[in-house]
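Below: one structure, written as structure tokens.
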Amino acid sequence: MVAAHRRYGSDPSAALARAGIDPAMLDDPSNRVTAEQMEVMSEASMRALDDEALGWFSQPLPWGSYGMLCRASLSSPNLDVALKRWCRHHRLLTRDILLSLTQRDGVACLSIDVRRPLGELKEFCLVTILRMSLGYACWLIDSRLPLLQARFPFPAPAHVEVYPLLFCDSLHFDADRASIAFDAQYLSLTLRRDENALRTMLRRALPLTVLQYRRDRLLVQRIRQILRAELLAATTADRVAERLNVSARTLHRQLQDEGASLQQLKDEARRERAVDLLDRSAASIKQVAHAVGFRNEKSFARAFRDWTGMSPSEYRGRSAH
């Protein structure tokens, strides 16, 4: 941001003072500012320079540009349409970078192609645009959008330790372009926001670009998929949480918010698989028990009776008739 002021021939002192940042801090790259200081200085600098892009592009983006972009996507029926509009309308603001949304093999990818050298502001620009797009997408669907990976077209910076906090653990530097990838299932989620919510959000939009969204509307569905694929594995909370890139504590809290529990979902996956095997295969009851993660036939039969009101043998005999 200080570089942006210098690019415009503007003195950053007022913006720094408003944010409570000592200019001497700039001399040591190891110094850090708080999220609140970042937010205050961002707004002060954007207003002072009348450029929401803070010097990234060949032309400034006047105050309100990204608010207009948000508003243009708000009427979309789902996240897929909203993000495609976001990418398309971004070209009305600048052609220095081009955003695109693609899907392949169940993975959605939001990419940035750089069409004009961004100089010393390259990292600041690309990281901010990716996080802004991600934060806005999460806000639109009122859900966390867990990333599968993030890629950046520059070497890993000295402050690389902050990247997992902003994106995810799967990071790739010196890539051909900047991009974030996520499960394409999220694209089908309907939007949860209206004009009133947008006006409220735009008063304090920066937290969306620096804070991870907590709620995950597809959490239960994603856990079901993991459990179906790993019935024989030790599907503990820690293991499932690791697969979802969250802590076990967060996993349990979010499940509780959705009115579910991990044990309930495990039982559901086991019951579904057991019924399918009893209906469609000639496997013995013992083999079915092992296939759905039980150590012995007796414990499986007890659980199956709790699920269905009958023993596995009774169920198979009934389906045979």
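Which one, SER281, SER247, SER45, has the greatest fluctuation when you compute a Gaussian network model over the chain with C-alpha springs under 10 angstrom?
In the Gaussian network model the winner is SER281.
Taking 0.36 nm per intervening residue step and subtracting the Cα-Cα distance, what contour gain separates GLN256 from ALA282 on full extension? Walk me through the intermediate numbers first.
Numbers: separation 26, 0.36 × 26 = 9.36 nm, distance 3.81 nm.
Between GLN256 and ALA282, full extension yields an extra 5.5 nm.
With +1 on each Lys and Arg Cβ and -1 on each Asp and Glu Cβ, how big is the dipole of the chain about its Cα centre, in debye rounded to the nearest 20?
Numbers: 46 positive and 38 negative charges, 248 e Å.
Approximately 1200 debye in magnitude.
Can you run the Rg to Rh ratio on the range 58-195? Use alpha carbon positions and the Kirkwood inverse-distance Rh.
Working: Rg = 14.6 Å, Rh = 15.4 Å.
In the range 58-195, Rg relative to Rh is 0.95.
In nm², what is the average projected area of the convex hull enclosing the Cα atoms of the chain?
Values: hull surface 79.8 nm².
Across all orientations, the chain yields a mean hull projection of 19.9 nm².
For a Förster distance of 22 Å, can you work out the FRET efficiency between the beta-carbons of LEU211 and ALA17, rounded to the nearest 0.05? Can you show the working numbers first?
On the way: r = 25 Å, r/R0 = 1.14.
Rounded to the nearest 0.05, the efficiency is 0.30.
For the range 91-166, what's the relative contact order in percent, using C-alpha pairs closer than 8 Å and at least 6 residues apart? Intermediate values should be presented prior to the final figure.
Working: 39 pairs, mean separation 13.0, N = 76.
Relative contact order, the range 91-166: 17 percent.
Between 0 and 90 degrees, rounded to the nearest ten: what's the tilt of helix 262-280 against the longest Cα principal axis of the chain?
50
Before anything else, pin down the relative contact order of the chain: Cα pairs under 8 Å, at least 6 apart, normalised by residue count, whole percent.
Details: 411 pairs, mean separation 39.1, N = 321.
So the answer I get is 12 percent.
Quick check: convex hull of the Cα atoms in the range 160-277, volume per residue, rounded to a whole Å³? It would help to have the intermediate numbers written out before the result.
On the way: hull volume 20.4 nm³, N = 118.
Convex hull of Cα atoms, per residue: 173 Å³.
Using +1 on the beta carbon of Lys and Arg, -1 on that of Asp and Glu, and nothing else charged, what's the dipole of the range 233-280 about the Cα centre, debye to 20? Don't skip to the end; give the middle numbers.
Values: 9 positive and 9 negative charges, 31 e Å.
Using Cβ point charges on Lys, Arg, Asp and Glu, the range 233-280 gives about 160 debye.
I need to check one value: relative contact order of the range 219-320, counting alpha carbon pairs closer than 8 Å and at least 6 residues apart, in percent. Before the final figure, lay out the partial values.
Details: 81 pairs, mean separation 24.3, N = 102.
So the answer I get is 24 percent.
In nm, what is the difference between 0.36 nm times the number of residues separating ARG271 and ASP194 and their Cα-Cα distance?
23.7 nm
Subtract the Cα-Cα distance of ARG295 and LEU98 from 0.36 nm times their separation in residues, and report this length gain in nm to one decimal. Walk me through the numbers on the way to the answer.
Numbers: separation 197, 0.36 × 197 = 70.92 nm, distance 5.50 nm.
Answer, rounded to one decimal: 65.4 nm.
Since every read-out is calculated from the coordinates, none of them should be taken as a lab result. This is a predicted model, so every value here is computed, not measured. As a convention, Cβ positions derive from the backbone with ideal geometry for all residues, glycine included, and neighbour counts pool all protein chains shown.
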